[in-house]
Amino acid sequence: MTTTNEALWLASPSSALGVGPAPVPSPGPGEVVVRVRALAVNPVDAVSGFARRRFVYPWLRYPAVLGTDVAGEVAQVGTAVTSLAVGDRVIGFATGQERFSNSPAHGAFQRFTVLRADLVTVLPTGTAFTDAVVLPLGVSTAAAGLFQSDQLGLALPSADAVVREETVLVWGASSSVGSNAVQLARGAGYRVVATASPHNHDLVRSLGASDVVDYRDPAAVQVLVRALEGHVLAGTVAIGTGSLARAVAIARRTSGSGRVASAYPTPVTAARGLLARPHGVHVSAIWGGTTAQNAVGPAVFRRYLPDALSEGRHRPAPAAEVVGDGLAAVPQALERLRAGVSARKLVVTV
Ligand SMILES: NC(=O)c1ccc[n+]([C@@H]2O[C@H](COP(=O)([O-])OP(=O)(O)OC[C@H]3O[C@@H](n4cnc5c(N)ncnc54)[C@H](OP(=O)(O)O)[C@@H]3O)[C@@H](O)[C@H]2O)c1
């Protein structure tokens, strides 16, 4: 194990990110320490300024280490971990920012981080850290929305999933969350219809969607309602500005569960949910970190993803774009992310 560590610190909600020494972490019984080789940035990491950071993570203690997406080698194994060994090449969902964790040692943006063993996936031989690191938060958020009983409550994915006579709509399917939602819903046996910009339609089809519609098309709702005629809509994952209103409109005009899981856990989503309820539509707000506190996280990260990745049933998506090396490159990656990406995940090697 190492004797030194370094992290990208956020000293206070209004600070800039800065690299500095960090304590050498040690794993709890059900945890592993991972030597970080690649990390990915997410919109939540790119939130800046005192008010926004306090709004997104009101509980967060400072100084904090942000970041959720890690790939690297297991460097130390907790006493209760039997399924992982030192040297394993893994990806994992770092929970340092979660309310239940609230711990800089568990943040992604450092050289050595602590991961919960049940949120770690061993990578197939030959899968690059930089490719696979796109997955953790996208997978966790998509899985929370699709499979948690307080969200869409769908059947979990498995190698031998039955073909289901139900459809899942993924609005915003070329995003990180969306491209994993498409694949996980297909992995659970559902038919998938989706929205994305036209230049991403082939990509979204290649992930498993049978129909893809341009979300900017003013007739998108009508087109999707028509595509859903004669089908049961098991639920919708709504991602992207304007997605919730249109997902509710579609749920009202189709047969099925009436459930819509929104990627925006905001008061606006809650208010729209109240308005939709009398029309038989149930809106829930996803929080990607909740899979760490129920059976969905281990079911996906430990039991589904390892074989699904090695057998090509789930592939790292969206495609990685390596934008820098070293923790000091993360702020530039966040700046790039603020400018917007299309079917890309920005990755930094460490
Ligand atoms: N609640 C949670 O726990 C949680 C967790 C992760 C993310 N999120 C939120 O979920 C959203 C997606 O996150 P991400 O990391 O997946 O994003 P991302 O990959 O950075 O999003 C980029 C993609 O979004 C698509 N997009 C942009 N505007 C859209 C719109 N109006 N409708 C549909 N798609 C649109 C673009 O599609 P095209 O290029 O095809 O146009 C692009 O491929 C973000 O708002 C993020 O804050 C929430």
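Condition (residue is free of Cβ contacts under 8 Å to residues at least 24 places away in the same chain and at negative phi) applied to segment 84-94: is it met by at least one residue? Yes, there is a match, as at least one residue in segment 84-94 is free of Cβ contacts under 8 Å to residues at least 24 places away in the same chain and at negative phi.
Just one of the listed residues (Val260, Val322, Val341) is modelled with pLDDT of 95 or more, within 25 Å of Phe112 (Cα to Cα) and either surrounded by 21 or more Cβ atoms within 10 Å (Cβ to Cβ) or in the same structural domain as Pro58 (by TED's automatic domain parsing) (or both), namely Val322.
Among residues of segment 325-338 being within 16 Å of the ligand (Cβ to nearest atom) and closer than 17 Å to Arg37 by Cβ, the one that is surrounded by the most Cβ atoms within 10 Å (Cβ to Cβ) is Val330.
Checked against the criterion of being within 14 Å of the ligand (Cβ to nearest atom), of a type in the set (A, V, I, L, M) and over 23 Å from Ala143 (Cβ atoms), segment 256-269 contains one or more residues that satisfy it.
Considered as a group, the residues in segment 147-166 that are more than 14 Å from Val283 (Cα to Cα) and aliphatic (A, V, I, L, M) include one that is surrounded by the most Cβ atoms within 10 Å (Cβ to Cβ), and that residue is Leu154.
Any residue in segment 114-127 that is within 15 Å of the ligand (Cβ to nearest atom) and either touching a helix residue (DSSP H, G or I) at 6+ places or on another chain (Cβ under 8 Å) or assigned to a helix (DSSP H, G or I) (or both)? Yes, segment 114-127 contains a residue that is within 15 Å of the ligand (Cβ to nearest atom) and either touching a helix residue (DSSP H, G or I) at 6+ places or on another chain (Cβ under 8 Å) or assigned to a helix (DSSP H, G or I) (or both).
The set of residues from segment 66-83 being without any contact (Cβ under 8 Å) to a residue 40 or more places away in the chain and more than 30 Å from Ala46 (Cβ to Cβ) comprises just one member, Thr82. Do the conditions hold for Val268, that is, is it loosely packed, with under 14 Cβ neighbours inside 10 Å, of a type outside the set (Lys, Arg) and under 28 Å from Val56 (Cβ atoms)? Criteria met by Val268. For the condition away from the ligand (no atom under 12 Å from the Cβ) and touching a Phe, Trp or Tyr at 6+ places or on another chain (Cβ under 9 Å), Leu228 does not qualify.
The values are calculated or read from the model by the stated rules, or taken from the named source; none is laboratory data. Remember, predicted model here, so these are calculated numbers, not experimental data. When we count neighbours, we look across all protein chains shown, and the Cβ atoms used for this are built from the backbone with ideal geometry, even at glycine.
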